[in-house]
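The values are calculated or read from the model by the stated rules, or taken from the named source; none is laboratory data. Please read these numbers as outputs of a predicted model, since none were measured by experiment. In this analysis, Cβ positions are derived from the backbone assuming ideal geometry, glycine residues included, and neighbour counts consider all displayed protein chains. Keep in mind that these areas ignore ligands, DNA and RNA; they rest on the heavy atoms of the full protein, side chains included. Shrake-Rupley method; radii C 1.70, N 1.55, O 1.52, S 1.80 Å.
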Amino acid sequence: MLELAILGFLAEAPLPGHELRRRISQLTGYTRPVSDGSLYPAINRLTKAGLIERRADPAAGAARYVLSLTAAGRADMLQRLRKPADHEITDFTRFYIVLAFLSHLPDVAERHAVLRRRLEFLEEPASFFYDNERPLRAEEITDPYRRGMLLTARATSRAERTWLRETLGEEPPVFDTGCTDSDPHAPAAPAS
C-alpha cells in the first residue's frame, strides 16, 4: 500500500521526498507511521521499475530531488486501483489508501466495482470473538473492553455501509441483517 500511496500522491503533483513522506504519514496516521527505512526503498523500487522519475532540485539545495509520476507509473496506479487485492479490500487502513486515490480512476463503473467489493465484505457476518464458528455479538460479551471493541466496530461498519450504499445509489436492505451487530470491519482490527 505504500507504493500505491506514493503513486497516488505523485499523480496529483511532483513532490520532493520529504513532502511525500509527510503526506503519506498524514494519510496513514499514527497507526502505521512511515519510516525512511520503508519509504526510500519503495521510492527506489518504483524508480528502477520506471514508474516514477527522480530529478535534482537545485533550488532546494544539494542532494534534494523532486519525484514525479511517469506514464507507466500512472498506468500501474490505475491498475492497482481497478483490481485491489483482497487484503486491500478487507483491511481498514489499506482500503482507505485505495479510497484516497480512487477518484483517479476515470470510469465511475470501475470505482463502483471496488466499492461494491468493500460493501460485500462488510455485509458478511463477522466478529473478533467466536463461539466455535458462530460470531459473538457485543451483547453476548461480558468483558467491557471486548464489548467496547465490538460496539465501536459495529458503529463504524454501519456508517461505512451507509456511505457506500449512498455512493453506489443503492437502497439499504429492508432488514440490515447481512452483518452481525458484532461486526469488526472497522479500524479496531489491525492487519498482520
- Message: Just to confirm my numbers, what's the Cα centroid distance between the stretch 136-170 and the stretch 4-34 in Å?
- Response: 29 Å
- Given labels modelled 7 Å from the Cα in the Cβ direction, how far is it in nm from SER25 to TYR40? 1.5 nm
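Measuring with a 1.4 Å probe in the full set of protein chains, what accessible area per residue, in whole Å², belongs to the stretch 23-95?
Value for the stretch 23-95: 57 Å² per residue.
Nothing charged except the Cβ atoms of Lys and Arg (+1) and of Asp and Glu (-1): what's the magnitude of the dipole of the chain about its Cα centre? Round to the nearest 20 debye. Could the numbers behind the result be given before it?
Working: 26 positive and 27 negative charges, 185 e Å.
Computed about the Cα centre, the dipole is about 880 debye.
Restricting to DSSP H runs of at least four residues, report the calculated mean residue ellipticity at 222 nm for the chain, -39500 (n - 2.57) per run over all residues, nearest 500 deg cm²/dmol. Don't skip to the end; give the middle numbers.
Working: 8 runs with 103 residues, N = 192.
Taken over the chain, the calculation gives -17000 deg cm²/dmol.
By how many nm would the segment from GLU12 to GLU171 lengthen if fully extended, with 0.36 nm per residue of separation less the alpha-carbon distance? Write out the running numbers ahead of the final one.
Values: separation 159, 0.36 × 159 = 57.24 nm, distance 3.32 nm.
Difference between extended and current length: 53.9 nm.
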- Message: Sequence gap at least 6, Cα distance under 8 Å: using those rules, report the relative contact order of the chain to the nearest whole percent.
- Response: 19 percent
- Note on the structure: Distance in nm between ARG82 and TYR130 label points, each 7 Å along Cα→Cβ, equals 3.5 nm
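Based on the Cα coordinates of the stretch 1-123, what is the per residue volume of their convex hull in Å³? Spell out each step's value before the answer.
Numbers: hull volume 12.4 nm³, N = 123.
Per-residue hull volume (Cα only) is 101 Å³.
Within the accessible area of the chain, what % is carbon and sulfur when the probe is 1.4 Å and the other protein chains stay in place? Intermediate results must be reported in sequence, preceding the final value.
Numbers: 5700 of 10520 Å².
Using a 1.4 Å probe with all protein chains present, the chain comes out at 54 percent carbon and sulfur.
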- Note on the structure: Taking the dipole of the stretch 23-149 about the Cα centre (Lys, Arg +1; Asp, Glu -1; charges at Cβ), the one of VAL66, PRO41, LEU99 that reaches farthest to the positive side is VAL66
- Task: Using only Cα atoms, tell me the angle between helix 2-12 and the longest principal axis of the chain; keep it within 0 to 90° and round to the nearest 10.
- Result: 60 degrees
- Using the alpha-carbon atoms, what tilt in degrees (0 to 90, nearest 10) does helix 92-101 show relative to the longest principal axis of the chain? 50 degrees
- Here, ARG146 and ALA59, labelled 7 Å along Cα→Cβ, have an inter-label distance in nm of 5.8 nm
